[in-house]
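Remarks on the structure that follows.
Only the coordinates and a few stated rules stand behind these numbers; no lab work does. Remember, it's a predicted structure, so these values are computed and weren't measured experimentally. Cβ placement follows ideal geometry from the backbone for every residue including glycine, while neighbour counts extend to all protein chains displayed.
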């Protein structure tokens with residue numbers, strides 16, 4: 001069963017057991033802050049960037065409506081996280097301002113958790129990932145990591161669903177997955193120093209200088225291996241025996257070092273656009289850099305513009321059919 | 001209850017188009033992708049016009065248009081695509097799905113508002 005981590009902001013002791021049981025039944029892994037003060041809650045939010053949602057009691061912190069201030073702060077910081085509001089007696093957001101009500105996917109009471117269950121299913125558990133797919137992904141990734149980190153044992157936790165869009169660590173790889181039944185991306189995200197330490201010690205070169213680029217190579221190769229295994233196992237071929245999934249190369253980003261690599265050493269075409277506010281001639285202009293990285297194919301001898309049927313309609317205008 | 005449904009995964013576009021339409025007296029609902037658009041269509045029978053992007057996650061705009069006609073059996077709502085796409089093949093697919101018109105971004109509200117109001121009335 002797929003699970004999801006939720007931050008539980010409910011300090012009503014009498015509800016703890018029933019809430020725990022409910023979470024177990026729904027596949028929710030509850031994380032509760034040590035104390036109910038705002039800074040503790042925000043700290044736990046900062047250290048958990050892979051949450052599925054938040055269960056919040058309206059009167060959290062002991063004051064009537066005390067949870068709402070916290071809800072606003074959380075919503076400002078993490079608007080992607082669905083929030084579910086427990087109220088003492090109301091199963092709707094009546095009485096809340098329109099802005100406050102809009103923060104919550106539903107309101108529920110402890111007496112009626114079915115509404116919460118239905119909303120959780122719609123908000124977090126609304127995509128089915130086939131068990132065989134998840135199992136297969138886990139196996140192929142473990143195999144890849146085993147190969148690249150022979151000095152390590154690899155543990156894998158129960159797969160879980162995440163609504164957060166926060167990146168973990170400083171370095172991540174990105175590769176497109178494009179088949180006839182699924183299209184999207186895979187990422188590997190890691191903390192630079194932790195993984196560099198493993199590589200250094202695994203290669204017996206502890207003490208030697210190592211740059212983040214070596215880490216790029218290892219993570220890039222891990223991404224490549226998983227992608228290849230995924231393609232071999234789950235992507236079909238067309239009638240001519242050709243792969244339905246085209247060549248892809250991992251993109252490697254280290255945002256701590258403001259670094260991005262597409263795997264190619266060819267020069268990138270770069271254009272700089274400078275935006276100057278007309279009404280503020282003394283203001284600092286804002287540059288936007290555009291880069292084209294044709295790392296997968298570059299055949300300028302085949303360059304051409306599409307022949308256009310003369311159109312009497314300019315962009316922005318409505319062409320009626 | 002809304003007259004126009006704006007379907008685009010870009011909040012910038014939803015805000016721009018929605019604010020313009022509202023300023024011109026139209027009531028507007030929003031959807032973030034084709035799947036959401038279908039749900040909003042099902043939930044609000046008062047929608048007379050859907051303005052949709054093509055390239056969106058989860059379900060693209062042309063598939064949404066086809067499903068409005070097919071799965072929802074709604075042949076009454078007018079559909080206009082508002083998109084960066086301009087290929088004849090895409091327009092042909094849209095015509096086959098019974099869409100009424102095509103606007104290539106950027107949106108020029110002034111140029112299209114009278115046509116939009118006719119499609120809504």
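Using C-alpha pairs below 8 Å separated by at least 6 residues, the relative contact order for segment B:4-120 is 25 percent. Which FRET efficiency value, to the nearest 0.05, do you get for residue A:302 and residue A:122 by plugging their Cβ-Cβ distance into 1/(1 + (r/R0)^6) with R0 = 60 Å? Once the sixth-power term is evaluated, E becomes 0.80. Shape class for segment B:4-120: rounded, because the ratio a/c of the largest to smallest gyration tensor axis (alpha-carbon atoms, square roots of eigenvalues) is under 1.5. Note on the protein assembly as shown: helix-only mean residue ellipticity at 222 nm, from DSSP H runs of 4+ residues weighted -39500 (n - 2.57) and normalised by residue number, equals -10500 deg cm²/dmol. From least to most packed, judged by other beta carbons within 10 angstrom and beginning with the fewest, A:304, A:1, B:90, B:56 follow the order A:304, A:1, B:90, B:56.
By the count of other C-beta atoms within 10 Å, a proxy for reagent exposure, A:58, A:301, A:317, A:46 are ordered fewest to most as A:301, A:46, A:317, A:58.
Take the Cα pairs of chain A, get the Kirkwood Rh, then feed it into Stokes-Einstein at 10 °C and 1.306 mPa s and tell me D in µm²/s. Approximately 66 µm²/s, per Stokes-Einstein. Here the peptides A:30-38, B:1-9 are ranked by packing, the mean other Cβ count within 10 Å, and the order with the highest first is B:1-9, A:30-38. What is the distance in Å between the Cα centres of segment A:211-233 and segment B:36-53? Cα centroid of segment A:211-233 versus Cα centroid of segment B:36-53: 42 Å apart. Between the helical axis of A:66-77 and the longest alpha-carbon principal axis of chain A there is an angle of about 0 degrees.
Restricting attention to chain B, close to 0% of DSSP beta bridges with both partner residues there are antiparallel.
Shape class for segment A:255-319: oblate, because the ratio a/c of the largest to smallest gyration tensor axis (alpha-carbon atoms, square roots of eigenvalues) is 1.5 or more and b/c is at least a/b. Between A:216, A:306, A:279, the GNM of chain A built on Cα springs shorter than 10 angstrom shows A:306 fluctuating the most.
Remark: the residue A:237-residue A:48 segment gains 64.0 nm on full extension, using 0.36 nm per residue and subtracting the alpha carbon distance. Rounded to the nearest 10 degrees, the inclination of helix A:131-148 to the longest alpha-carbon principal axis of chain A is 60 degrees. Per-residue shielding of B:100-106, expressed as the average number of other chain Cβ atoms within 10 Å of the residue Cβ, stands at 5. Shielding of peptide B:82-88 by partners, expressed as the average count of other chain Cβ atoms within 10 Å per residue Cβ, is 2. Where both bridge residues fall in segment A:3-123, DSSP classifies roughly 5% of the beta bridges as antiparallel. Site pair residue B:48 and residue B:11 shows an inter-label distance of 3.0 nm when each label is modelled 7 Å from Cα along Cα→Cβ. Each of residue B:87 and residue A:213 was given a label point 7 Å from its Cα along the Cα-to-Cβ line. The distance between the two points is 3.9 nm. Given their separation in residues at 0.36 nm each and the Cα-Cα distance between them, residue A:132 and residue A:314 gain 60.5 nm when the chain is fully extended. Within the protein assembly as shown, antiparallel bridges make up roughly 45 percent of the DSSP beta bridges whose residues both belong there.
Using the Cβ-Cβ distance between residue A:139 and residue B:110 with R0 set to 56 Å, the FRET efficiency works out to roughly 0.45. Once the Cα-Cα distance is subtracted from the 0.36 nm per residue extended length, the residue A:276 to residue A:18 segment shows a gain of 87.0 nm. For the residues of B:109-115, the average number of beta carbons from a partner chain within 10 Å of their own beta carbon is 2.
Modelled this way, with points 7 Å down the Cα-to-C-beta line, the labels at residue A:259 and residue B:69 are 5.3 nm from one another. Across chain A, the mean sequence separation of Cα contacts (distance under 8 Å, 6 or more residues apart), normalised by length, yields a relative contact order of 12 percent.
Rounded, prolate or oblate for segment A:7-62? Axes are the square roots of the Cα gyration tensor eigenvalues, ordered a ≥ b ≥ c, and the cut-off for rounded is a/c under 1.5. Oblate is the answer for segment A:7-62, as a/c is 1.5 or above yet b/c matches or exceeds a/b.
Using alpha carbon centroids, what distance separates segment B:56-79 and segment A:142-172, in Å? One Cα centre to the other: 39 Å.
Its relative contact order, with pairs defined as Cα atoms under 8 Å and 6+ residues apart, puts segment A:3-123 at 22 percent.
R0 = 30 Å: FRET efficiency of residue A:40 with residue A:167, Cβ-based, nearest 0.05? With R0 = 30 Å, the Cβ-Cβ based efficiency is 0.80.
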